[in-house]
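Working notes for the structure below.
All of the numbers you see were taken from the coordinates with simple rules; none came from a lab. For clarity, every value in this text was computed on a predicted model and none was experimentally measured. Here the Cβ is made from the backbone with ideal geometry for all residues, glycine too, and neighbour counts use every protein chain on show.
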Amino acid sequence: MSAIAPKAPRIPWHGLRHRSKPHSTQPHSPLLRLLRPLLAVVLFAHAAAAQAILRIEITQGTEGATPIAVVPFGWEGGGAAPADLAQIIADDLARSGTFAPLARNDLVARPTSGAEVRYGNWKAAGVDNLVVGRLRAMGPDSYVAQFQLFDVFRQQQMVGYSFPVRGGQLRQLAHEMADIIYEKITGQRGAFNTHVAYISTQHDAANERLFVLEVSDADGHAPETVLTSKRPLMSPAWSPDAQRLAYVSFEDPSRSAIFVQDLRTGQRKKVSSVPGINGAPVFSPDGKRLALVLSHRGNPDIYVMDLASGDLTQLTNNRAIDTEPTWEPDGQRLLFTSDRSGSPQIYQISASGGRAERISFQGRYNASPAVSPDGRLVAMVQGERGRYRIAVLDRSNNTVRVLTDGKLDESPSFAPNGSMILYATEGSGRGVLGAVSVDGRMKQRFTLSEGDVREPVWSPFLN
Amino acid sequence: MKRMLKFTGTCLLAMSLYACSSTPEPVEQPAPPPEPVLPQVEQPAELEPLIEPEPEGIYLANGDFSRGAVNDPDSPLAQKVIFFEFDSDRVRSEFIDVLNAHASYLATYGDVRVRLEGHTDERGSREYNIALGERRARSVENILLLAGVRAEQLSLVSYGEELPAALGHNEEAWTQNRRVELVYELQ
């Protein structure tokens, strides 16, 4: 759909008055990424539905967040600015729960470069950090964007950059600026310039139900359709390089199938379609193997497929349900759901097989494990008295904390920096997405403008 | 010979039914609303010769089925959905008769194939529900096999919670969604 945009260099930008040494913090994204050129593979071309957009609202928690001022960027060009970069940055920072950006009405001044900053004003306004910037038109669809982050207390620039950028890259650039700001202040890598894959159900012109696999920016903007089907699609999973998605499709009504699809070319490969279940695919951290669930031997067991050869290794073998595998970050072990004890619980097993060990003990229903990037936390669906909520097991001290308060919460997925958990929930009778910070303080809701949305999976870092 | 198979199947079915009913009922959920009363299938007390030719599309009240009976709204075969209780894959006793009727039909027409589609309600995680739906489909498969249906006539697929029959997030919808559908495949 979208063309591949040229890579844009990022040039350090230092304020005129506050020239500082080139910063040593190496951001993890040295170049602007290629714009995501997802090709839509539409199984039923006539059935393409109008694109529905995810809208985000913060539903809980700005207490304790660090005040920050993100001043509207200066615009040097004709007409209106092509994007409100400051708003995108402020929204990102607010969604993290770590920052509380000042409302625009509360901004005490509108500087657009370091030379215009009067620290005393901002100190009086109780702001710790200040972001200013400019966007300049250079030619047709060609801009230069610059921004600077200041420490108001120390009265110095923390970081500054200038970027040549095309119009179609402006949102992405703003997310990248937010990532740089977040990392500079918190020390933790930002995850704003990432993607989310999810399944939505919509209705076409003939009011027929459509299942749509979509990928959007982490803030819900710029959704792109990966696949549309009249039959169920489920269980999307990212490859570690964020270039491929594995998913389950029932496009053949008599048999499920697992596909791996390249997001740039749209080409896909059917990797499994044996009788019974072909489900719960998940890439190994090195991207070379796929854990999956097959039941062709009589009941669901966990297998690992070597993607190059297609060779299968059976990891579990018993009469219970074994499903929902997920890899530990080091690729040495997997977690999965099993009802071998009589009700679903979380188990871990070596990637080479052997004995499985139960790790969840609190509650009668624990399923759908997701491991945090540092391996310490396990998010899962916990069922208790008819309510299903997202709980987190801290493996360092074996404590369990329930983070959400819905009735039908499911499909937890960690942000690649481990700061938040995305999940599916129900709101006003519709399927919506929720996000909660791992400390439970911050909650957001993503609502699709129409239809239901579910099974969110947060992408890895994009580079 | 076909009739003999069917008769044997019925006996086996009776035995499996007895075994089933000795397992305890799940206690988590209140009993669902009563299911529609199904026509009773009269089993012949003794073997009788088939009458040829069979009328198409008519269910014969003596328990024999014409080939078209599967499309006859008055036939017990018209009931093609088996409902389940919460978190259970046990076929409830009120559905044994209707499965028995389908087994008789399938045993009589060995070239007919049926797909057993397992479904769950929306509660709990999705892939786990795929596994639960398959268990339900296997329960129905086991009963049909015991009643004389050949394995080649049956295929299984589980849709988990992906294709609810009733929308809504309440017990009324969930009761409708915990099911196995018998889908006769076009020949």
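Inter-chain Cβ neighbour count for A:248-257, averaged per residue, equals 4 (cutoff 10 Å, partner chain atoms only). Max-minus-min Cα coordinates of the stretch A:71-186 on each principal axis give 41, 27, 24 Å, with the largest extent listed first. As a proxy for reagent exposure, B:F95, A:F336 were ordered by neighbouring Cβ count within 10 angstrom, fewest first; the result is B:F95, A:F336. Counting Lys and Arg as +1 and Asp and Glu as -1 over every other residue whose Cβ lies under 9 Å from the Cβ of A:L448, the net charge comes to 0.
Computed over chain A, the quotient of the alpha carbon radius of gyration and 2.2 N^0.38 Å is 1.02.
Normalised size of the stretch A:195-458, defined as Cα radius of gyration per 2.2 N^0.38 Å with N residues, equals 0.95.
The helix-only estimate of mean residue ellipticity at 222 nm for chain A, built from DSSP H runs of length n ≥ 4 each weighted as -39500 (n - 2.57), is -2000 deg cm²/dmol after division by the residue total.
Computing FRET efficiency as 1/(1 + (r/R0)^6) for A:S341 and B:D111, where r is the C-beta to C-beta distance and R0 is 41 Å, gives about 0.40. Spin-label pair A:D374-A:E57: with each label point 7 Å from Cα along the Cα-Cβ axis, the two points sit 3.3 nm from one another. Annotation for B:S93 and A:N121: the two label points, set 7 Å from Cα along the Cα-Cβ direction, are 8.3 nm apart.
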